[in-house]
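The values are calculated or read from the model by the stated rules, or taken from the named source; none is laboratory data. Worth saying up front: this structure is predicted, and the values here are computed from it rather than measured. Note: ideal-geometry Cβ built from the backbone for every residue, glycine included; neighbour counts use all protein chains shown. For accessibility, only protein heavy atoms count, side chains too; no ligands or nucleic acids. Shrake-Rupley method; radii C 1.70, N 1.55, O 1.52, S 1.80 Å.
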Amino acid sequence: MGPGTHFQCDIMIIYLGKNSIGIREAAEKCGGKIIRDGSAGIPVSSVCTDSRDCVSGSLFLAIRGEKTDGHLYIPTAVKNGAAAVLCEYAPECDTGDAALILVDDTVKALGRLAGAYGEGSCPFRVAVTGSVGKTATKEMIYSVLSAGSRKAFRSEGNLNTVIGMPLSLLSAPADAYAGIFEMGLEQRGEISAMSCICRPRIAAVTVLGSSHIGHIGSREKLAFEKLSVADGLDADGTLFLPADEPLFAETAFKDKRTVTFSVSRDAGIRARNTVSDGETVSFDADCPAFGRYIGDLRLPVPGIHNASDALIAIGAGIVYGLSDDEIRAGIAAYRPVRLRQQVLSIAGTTFINDCYNASPESMAAAFRVHDELYRKRGSVGRKIAVLGDMYELGDDAPELHRLTGRRCAEAGTDILITVGSLGAEIAAGALERMDGKNVFAYPDVKDISAPLEALRGIIRKDDVVLIKASRGVGAERFAASLRDMAE
């Protein structure tokens, strides 16, 4: 990775899940060369990407990114206790007792280290990618596999990048048998690289949507990148693909078992008798690919699209060797992560806080959930939507936002508030089908005071309010502010 590459990772330090590793062994595993011995005999017990978070025994990763060069912060890392530094060139500063490990590329070296150190950790690994539903699917798989007798582990937060995923693998506890790893996409080739580091037993693509087209160029290219999650798959591994995606219809891997899944058509795993009542989804899983039929499944979140994600978790559970009862228990135990379809009640108003991320596909699914919950609540109030920018959609972003606005209106939304310049395009699309007096657009994404004040003046008891946007919009501020006001 070069100086123009940008990475994001919320967790800046991880502690090794197994034993600490010697600096010389770390250098060997990552393909590096020790150019300053320092205290090379000191074991490394943590890996850190932010010099400020380094502690005694840390291996600091000097990463060159878009905004800054990690090599500039080596002195801070050493001052804070770093035992060694992984770097692409030797700094001119005094590095004291810290050893320097010279590598060709810090990020690739991290991947090599994680792959080698992680041998034996989580022998049953699952890799999950897709444009929509990655995190929900990861959490569902974790919930199902945790229903068995062996310990399961999954990556946390947004550790789904070429930095985050290897860090997550390094942090996997020694006693975990199953490990579930999410894989996102910023640049071409990243999912393939992560898959080859992870070497999964199961790989899955949730949905091929519009997210990241701005980076990749087209849905065809995006499909190719998502399918590369199978590049590191075990020879006897299983690849799960959505049967509803035309670009995957002709996909065949001669050396890999492929199982399709769907909630609406015949597939290797199909949801049948599906009912979503605004609070839960109940369904049966017809699994001809495995000669199984698992009935009476209940997922404690609304939305048919969640049943699709659950089918992957069910398939993973079957491959893992779980019984029908264990799989049922795992599905029932699933809980969504923070900011994903959280249903809140504030002063008699119901809010769907779905602010972690957004795409045209997830927006459409959210409108369906909004309607289901509105009906569940008795349809006595109004349907209000607070929507914001969706990022990484490329040149088609304005039209995709207008399409989302039209869908919002067609879903029967009574009042729409938008935030952000692209959010204004959502409002423009909605105005084609909604009365202008019920549509409010606020282009400044940094200042939510005006749209928040508008929402406060609009909402009444029994209204059902959907709040959704890409993570960078910070739309969760709406629900937080309203809750503070109510308290």
Taking ASP354 and the conditions (1) among the charged types (D, E, K, R); (2) crowded, with 23+ Cβ neighbours inside 10 Å; (3) farther than 24 Å from GLY423 by Cα, which numbered condition does it fall short on, given that it satisfies the others? (3)
Restrict the check to segment 304-321 and report whether at least one residue is modelled with pLDDT under 90, surrounded by fewer than 21 Cβ atoms within 10 Å (Cβ to Cβ) and under 27 Å from SER470 (Cα atoms). yes
Helices (runs of 4 or more DSSP H) within segment 124-236 that include 1 or more residues farther than 27 Å from ASP325 by Cα: 164-171, 190-198, 213-216, 219-227
Which one of GLU399, GLU361 is open to solvent by 20 Å² or more (accessible area, probe 1.4 Å) and touching a Ser or Thr at 6+ places or on another chain (Cβ under 9 Å)? GLU361
Limited to segment 457-477, what total is found for residues that are in contact with a helix residue (DSSP H, G or I) (Cβ under 6 Å, 6 or more places away or on another chain) and not β-branched (Val, Ile, Thr)? 2
Can you tell me how many residues within segment 449-469 are surrounded by fewer than 22 Cβ atoms within 10 Å (Cβ to Cβ) and farther than 16 Å from GLY381 by Cα? 5
Scan segment 57-65 and tell me whether some residue there is of a type in the set (A, V, I, L, M), modelled with pLDDT of 90 or more and open to solvent by 10 Å² or more (accessible area, probe 1.4 Å). yes
Kindly indicate the residue of segment 223-248 that is over 17 Å from the mean Cα position of the chain (by Cα) and acidic (Asp, Glu) and also surrounded by the fewest Cβ atoms within 10 Å (Cβ to Cβ) among those meeting that condition. ASP236
In segment 364-403, what count of residues is obtained for those that are among the aliphatic types (A, V, I, L, M) and closer than 17 Å to SER421 by Cα? 8
Being under 16 Å from ALA364 (Cβ atoms) and open to solvent by 30 Å² or more (accessible area, probe 1.4 Å): is that true of LEU422 here? no
Scanning segment 268-283 residue by residue, those open to solvent by less than 40 Å² (accessible area, probe 1.4 Å), over 14 Å from SER308 (Cβ atoms) and at pLDDT 95 or above turn out to be SER282
Has segment 389-405 got at least one residue that is at negative phi, at pLDDT 95 or above and either among the aromatic types (Phe, Trp, Tyr) or assigned to a loop (DSSP other than H, G, I, E, B) (or both)? no
Only one of ASP234, ASP284 that is touching a strand residue (DSSP E or B) at 6+ places or on another chain (Cβ under 9 Å) and closer than 30 Å to ARG377 by Cβ: ASP284
Of the numbered conditions (1) modelled with pLDDT of 95 or more; (2) buried (at least 19 other Cβ atoms within 10 Å of the Cβ), ASP414 satisfies every one except a single condition; which is it? (2)
Flag if LEU373 is farther than 27 Å from PRO242 by Cα and not aromatic (Phe, Trp, Tyr): no
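Residue-wise test of (1) among the small types (Gly, Ala, Ser); (2) open to solvent by 10 Å² or more (accessible area, probe 1.4 Å); (3) touching a Leu at 6+ places or on another chain (Cβ under 6 Å); (4) at pLDDT below 95.
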| site | (1), (2), (3), (4) |
| --- | --- |
| ARG112 | no, yes, no, no |
| VAL128 | no, no, no, no |
| ALA136 | yes, yes, no, yes |
| SER143 | yes, yes, no, no |
| GLU156 | no, yes, no, yes |
| ASN160 | no, yes, no, yes |
| GLY179 | yes, no, no, no |
| SER192 | yes, yes, no, no |
| ILE197 | no, yes, no, no |
Residue by residue through segment 4-45, note down the ones that are at pLDDT below 75, surrounded by fewer than 17 Cβ atoms within 10 Å (Cβ to Cβ) and closer than 13 Å to ALA83 by Cα. SER39, GLY41
Tell me which strands (runs of 3 or more DSSP E) are completely within segment 37-115 and hold 1 or more residues being closer than 19 Å to LEU169 by Cα and either touching a residue at least 60 places away in the same chain (Cβ under 8 Å) or within 31 Å of the chain's Cα centre (by Cα) (or both), or say none if there are none. 46-48, 58-61, 84-87
Answer with yes or no whether ALA271 is within 15 Å of PRO242 (Cβ to Cβ), more than 25 Å from the chain's Cα centre (by Cα) and not acidic (Asp, Glu). no
